[in-house]
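Taken together, the values in this text are just the output of simple stated rules run on the coordinates, not laboratory data. Predicted, not measured: the structure shown is a model, and the values here were computed from it. So basically every Cβ, Gly included, is an ideal-geometry build from the backbone, and we count neighbours across all protein chains shown.
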């Protein structure tokens, strides 16, 4: 029996499949999930989730949310998600450069907060595209 994973965004189901292992970007660091994991509810940070199916790793960008594991069912509710294989690497890298400039130019607190979030999302997309 495998671990069943469902990734649900506000507008669609991003992923619904079985896997052997998952690594989540939790708010307290990377969190590994295998079959038989203890029940858990955790907040997710912006970052790259990795899913292992038949010895192959699939990167998926998560834009923050929550994950619940119970009885080998991993349910992930996110603000947004994107499979690494569907990300255009060149566009992601160009966006990262643009967000880095915006981050460095931010002056007000609001601009700094928005720029930080956008920079983290851009970094995660590049990381998933190059994995």
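Data for the structure
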{"item": "Sum of -39500 (n - 2.57) over DSSP H runs of 4+, divided by residues of the chain (222 nm, nearest 500)", "result": "-10000 deg cm²/dmol"}
{"item": "Exposure proxy ranking, count of Cβ atoms within 10 Å, fewest first, for 108, 58, 100", "result": "108, 100, 58"}
{"item": "nm² value of the averaged projected area, convex hull over the Cα atoms of region 3-84", "result": "4.5"}
{"item": "Relative contact order of region 7-131, pairs being alpha-carbon contacts under 8 Å that are 6 or more residues apart, as %", "result": "23"}
{"item": "Kirkwood Rh, angstrom, region 88-130 [1 / mean 1/r, Cα pairs]", "result": "10.2"}
